[in-house]
Each structure stands twice: as structure tokens, then as C-alpha cells.
Amino acid sequence: MNESALYRLSASDFPLAQRENAIREQVWRGMNSMDYTPLDKAPLEFELALLTLPKLYIQSVQMSSASLWRDSELARNSEDRYALVSWNKGPIRAQCNTHAIECSVSQSILLYAPEPFQVISPKSQFICLDVSKKALQPLLGQRSLPPLRSIGHNDAYRFLMNYLKLLLKHPELIAEPIMQQMASTHILELLALTIGTQEDIAHEQLSNSMAAARLREAKAYIHRHLSDEHLTIACVAKHLNVSIRSIQKLFEKEETTYAHFVLEQRLARARHYLQSPSWAQHSITHIALEVGFSDISYFCRCFRKRYHQTPTDVRQQTRTAHPG
């Protein structure tokens, strides 16, 4: 499977009589080295989205209630990995050896793969972050983790979950290998901070990871709302539940400002539309409005200053290159 490619699988992909066994073999035993027993008598529900990155992978699963378990044989064949699992419904009951916990939706579970365990899950949706122990351990120092523990939801956890959801929804953001590596590094650092790290872990490194995740979320929000001429820095701050000054600092670290970033993105999108044959029937005014400009004269001035061409010049070049 190509890294960063989003793989999807649904119960509806299989004939009704084969669903349970197909999902058990392909998803749980094949991908996760665990077994699976549905607990509902109703028709089995299952939806999977899987995103693979260097040293880790992310799964979003929606399914009917089930028992997930790993016996001694499956545990012996498991890779040396940790899995952080977060459900949207509770309670979740988990047991590893003699240790048992029950988690609410305000907690998650951290599992160590080479140990037998059982998890009883209600009908729910959950996100599972599966990481290599070799990749995570340097961020934990000498600290060892138990095979099963509950994880409280701190700020780092919330940034981590928002970032994972963003990547699952928009895998195109990390299409390039360098972006995949950066995303993997941010995720590992946020996971270390979520778990709780030793004092000798570089605080600046972890803080930078949180800032990077927050900046990515801010940029993603901006891209989704570029067409809104009222897209202010206050809107972004409210979405991220931080102060306006915090957003300003994020862009200052990249040696730019919020206003300049938004302007650049709007101009880049307008140029893309002007160069696209599929937008050839739309007027320049329509395109300017579509990317968030309410003043057409201002748009033309900014466009010419940025690209040393007018929007009309770019449109004419596109028509010449793609006649008819």
C-alpha cells in the first residue's frame, strides 16, 4: 500500500454471508493481529478508513458492538508497537493479563501489541493510531509503559486527534514524501506529549510540534473558507479556541502575517482557476468573488503585483494554449 494513500473498506463490499469472516481475516487478523467477535444480532456494520505514514498508521473505524481480542499466539506474532484508541461512545472495557480498566469518552486506551488483551466496544466510531515502539521510545526517554493504560484528554491529545481527523479527511495535504515524514514526526511528538514524557525530553521540540499542528489546522480552515470575504483572523482563532495573538504568532514564526497568507492563497487559487480550462466560461469577476475578493479593482492590482501579469493576460494565455 502506498504511504499517504487512503484505503477504504466497508461491510457492504462483501456478500452478507461472508462479511463477518472477511472483516475478521482482512482487517482484524490481517492488519491488526487481533481477533474479532460481533456482539450484535443485527446485521453487521463496519466502515474503515486507513491512512499509512512512515512509522505509523491511522485507522478510523465505525462498527457495531464487538469484542476485540489478542490471544497469546497472536501476541507472539505481533510487531513491537503501541496503539492509542479513542472512542466516541462509552463505556469501553479493556483487560490485559490481570489488569482491567473501564474508560469513558473522556479517556482513551493505550495498548502494547505483544501482550494479550480483550476490549469490549459498544456500537461506536473510533480512531486508532498505531505506532512503532522503536519510533516512539526515543521521545519517552527511559520511561517504560504498561501494556494497558487509560489516557486522559489533555491539550496535546486534542491537537493530536484534530490533526489525525484532518489528515483522514484531506490526505492530499500530505501527498509529497517530505510532507508525510513531517506529519509522522508531528504525530509521534504529539503522542509522546499526550502520554506524558520524562523531564529530559526537549520541551521546545514538543511545543514546536503542538504549534505546527495548530498552524496546519489553521491553514486547513483558511483553505476551506477562502471564498468567504469575511474570513477574519478572529474566525480562525474562534475555530481553534485560541486567542487572536496566538494565531498571529504562528504566522510570525513563518515570517509572514495572517493577512498576507490569506491574500497569497486567494491569489494562487484565482490564478489556478484562470489557468484551468474547466473555468474558462467563468468571468474574471466571478472568479475574484469565488476566492473571497469583494473589490475587483483591488483584486486586479494585487494579482498584477504578485504575478506581473493581469488576470486578463493569464486568461488569454490559457485560451491560446487550450483553444476551443
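Shape index of the chain: Rg/Rh, with Rg the Cα radius of gyration and Rh the Kirkwood radius from the inverse mean 1/r over Cα pairs, equals 1.06.
Over the chain, DSSP H runs of length four or greater, each weighted -39,500 (n - 2.57), average out per residue to a 222 nm ellipticity of -13000 deg cm²/dmol. Taking amide H atoms as placed 1.01 Å from N in the peptide plane, the amide H of L53 lies under 5 Å from those of S4, I58, each 5 or more residues away in sequence or on another chain. Please state the shape class of region 87-208: rounded when a/c is under 1.5, otherwise prolate if a/b exceeds b/c and oblate if not, all from the C-alpha gyration tensor. Judged from the Cα gyration tensor, region 87-208 comes out oblate (a/c at least 1.5, b/c at or above a/b). Build a GNM of the chain with springs between Cα atoms under 10 Å apart, and of T312, T37, T232 the one that fluctuates most is T312. Simple spin-label estimate for S278 and Y307 gives 1.8 nm between the two label positions (7 Å along the Cα-to-Cβ direction from each Cα). Among L139, L167, L289, the largest mean-square fluctuation in a Gaussian network model of the chain, built with springs joining Cα atoms closer than 10 Å, belongs to L289. Annotation: amide H of A66 within the under-5 Å range of L39, S121, sequence separation 5 or more or interchain, hydrogens built in the peptide plane. For region 53-125, the Cα gyration tensor yields ellipsoid semi-axes of 20, 16, 11 Å (square root of five times each eigenvalue, largest first, whole Å).
Rounded to the nearest 10 degrees, the angle from helix 311-321 to the longest Cα principal axis of the chain is 80 degrees.
Given 20 °C and 1.002 mPa s, compute D for region 204-311 with the Stokes-Einstein relation, Rh being the Kirkwood radius over Cα pairs; round to the nearest whole µm²/s. Value of D from the Cα-based Kirkwood radius: 144 µm²/s.
A short reminder: the numbers here are calculations on the coordinates, not readings from a lab. Only a predicted model underlies this, so the values are computations on that prediction, with no experimental measurement involved. Methodologically, a virtual Cβ is constructed for each residue, glycine included, from the backbone with ideal geometry; neighbour enumeration extends over all protein chains shown.
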